[in-house]
Amino acid sequence: MANPYQAPLALVRLALNQAAEVSGARSLPGYDEVLSDLAEPILENASRFAGDVLSPLNPVGDRTPSRCGTNGVVTPPGFVEAYRRFCADGWVSLAAAPEHGGQGLPTLISAAVTEMWGGANLAFACDMYGDAVRGNRERVMGEISRLRGDRDQIVARATPAIDRLLSQPQCDGRFAVVGYCFGGLVALELARSDLEAAAVISVHGTLTTTQPIEPGAIRAPLLVLQGGADPHCTLNDAFAFAAEMKTAGADWEMVIYGTAQHGFTHADAAGQMPGVRYDADADERSFIAIGAFLERVFAGRV
């Protein structure tokens, strides 16, 4: 059977070279040699690994998703072996510092390779921000503020991504929307727009909306996971959301992790921003809740 995934190497090369020129990376010590001599074989081998190893596991994961067993998490068949090969081939250490056992290669290269890993599996991530926004915090926050009260614009941006997902040969027409933080807001606004998805999941996302909905407007089952100590989306917001869902007649459920703050799944959040902090327990429990919800949805039990 022909592998459905082929990395767009020509486009990856073009993007890599343009990013190197625009950022001035080639002028950094050692970068020009790496980008000129090593980038090509790395990209070619990454493409083969993505196509030959990761892509065939995509339908396996769909049929046999990860689950919690008596001795821990049980992954789909083949995933452990794939990860062992991933480590043995050196992919895990591409951009890591040499003093910690890494290869010290430019982030430009590791970013390009990471795109292939994502492309080889069907968990599709939509860039809601647009060109020249992602990676620039000030522009990202400005775009979030602009989109927050504009459901029509959110839907207009997300719909082409959903259409692209549904056009993939691996997709059987069923899909779920899962969003974290601003992505959670996007997921819920899509649900409010009458999106016909198998499930919509929001994790520490904004629950309030500037455009109240009518009864019957939400067709997708909803799972909402929130932190009980989140100052950016308070318990009052959660109560207001519950009232909105009751009015809409939605099929929904919410889990509130009592002591968790905003961004409780972000491992690098250590309080740099007030009210945003990683919570390992809430992170693990929310992951389990998402898996159980999706398992029920796609088994037709929701």
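The values are calculated or read from the model by the stated rules, or taken from the named source; none is laboratory data. A quick note: this is a predicted structure, and the numbers were derived from the prediction, not measured. Here the Cβ positions follow ideal geometry from the backbone for every residue, glycine too, while neighbour counts run over all protein chains shown.
Which members of segment 163-197 meet the condition of being in contact with a helix residue (DSSP H, G or I) (Cβ under 8 Å, 6 or more places away or on another chain), over 30 Å from D230 (Cα atoms) and either acidic (D, E) or touching a residue at least 12 places away in the same chain (Cβ under 8 Å) (or both)?
Of everything in segment 163-197, those that are in contact with a helix residue (DSSP H, G or I) (Cβ under 8 Å, 6 or more places away or on another chain), over 30 Å from D230 (Cα atoms) and either acidic (D, E) or touching a residue at least 12 places away in the same chain (Cβ under 8 Å) (or both) turn out to be Q170, C171, R174.
Tally the residues that are of a type in the set (A, V, I, L, M, F, W, C), closer than 21 Å to V200 by Cα and in contact (Cβ under 8 Å) with a residue 24 or more places away in the chain, restricting the search to segment 233-277.
12
Please find, among L14, L35, the residue that is out of contact with any Pro (no Cβ under 6 Å at 6 or more places or on another chain), in a helix (DSSP H, G or I) and within 10 Å of I109 (Cβ to Cβ). Walk me through how you get there before you give the answer.
Details: L14 fails: within 10 Å of I109 (Cβ to Cβ).
Checking each option against the conditions leaves just L35.
Whether any residue in segment 209-221 is under 26 Å from R139 (Cα atoms), surrounded by 17 or more Cβ atoms within 10 Å (Cβ to Cβ) and either not hydroxyl-bearing (S, T, Y) or not assigned by TED's automatic domain parsing to the domain that holds E284 (or both) is what I want to check. Show your work before the answer.
So in segment 209-221, the residues under 26 Å from R139 (Cα atoms) come out as 209-211.
Next cut, surrounded by 17 or more Cβ atoms within 10 Å (Cβ to Cβ) only: 209.
When the remaining residues are screened for being either not hydroxyl-bearing (S, T, Y) or not assigned by TED's automatic domain parsing to the domain that holds E284 (or both), the result is none.
No: segment 209-221 contains no residue that is under 26 Å from R139 (Cα atoms), surrounded by 17 or more Cβ atoms within 10 Å (Cβ to Cβ) and either not hydroxyl-bearing (S, T, Y) or not assigned by TED's automatic domain parsing to the domain that holds E284 (or both).
For segment 192-213, give me each residue that is more than 14 Å from R151 (Cβ to Cβ) and of a type in the set (D, E).
Matches in segment 192-213: E196 only.
Of the residues L190, L225, which is surrounded by fewer than 24 Cβ atoms within 10 Å (Cβ to Cβ), outside any loop (DSSP other than H, G, I, E, B), touching a Lys or Arg at 6+ places or on another chain (Cβ under 9 Å) and in the same structural domain as A269 (by TED's automatic domain parsing)? Talk me through it step by step, then tell me what you get.
Numbers: L225 fails: surrounded by fewer than 24 Cβ atoms within 10 Å (Cβ to Cβ).
From the options L190, L225, the qualifying one is L190.
How many residues, within segment 12-57, are under 22 Å from the mean Cα position of the chain (by Cα), surrounded by fewer than 18 Cβ atoms within 10 Å (Cβ to Cβ) and more than 20 Å from D89 (Cα to Cα)?
1
Filter segment 74-110 down to residues that are assigned to a helix (DSSP H, G or I) and surrounded by 15 or more Cβ atoms within 10 Å (Cβ to Cβ), then give me how many there are.
Taking segment 74-110 and keeping what is assigned to a helix (DSSP H, G or I), we get 79-88, 91-93, 98-100, 107-110.
Going one step further and asking which of them are surrounded by 15 or more Cβ atoms within 10 Å (Cβ to Cβ), we end up with 79, 82, 86, 91, 93, 108-110.
Residues meeting the conditions: 8.
Only residues that are modelled with pLDDT under 70 and not charged (D, E, K, R): list them for segment 108-128, please.
Taking segment 108-128 first, the residues modelled with pLDDT under 70 are 122-127.
Those that are modelled with pLDDT under 70 and not charged (D, E, K, R): L122, A123, F124, A125, C126.
Any idea how many residues of segment 241-284 are in a loop (DSSP other than H, G, I, E, B), of a type in the set (D, E, K, R) and under 21 Å from A198 (Cα atoms)? Break it down into steps so the answer makes sense when it comes.
So the first thing to find is which residues in segment 241-284 are in a loop (DSSP other than H, G, I, E, B), and the list is 249-251, 258-261, 263-269, 271-275, 278-279.
If we keep only those that are of a type in the set (D, E, K, R) as well, we get 251, 268, 279.
Next, only the ones that are under 21 Å from A198 (Cα atoms) stay: 251.
Matching residues across segment 241-284 total 1.
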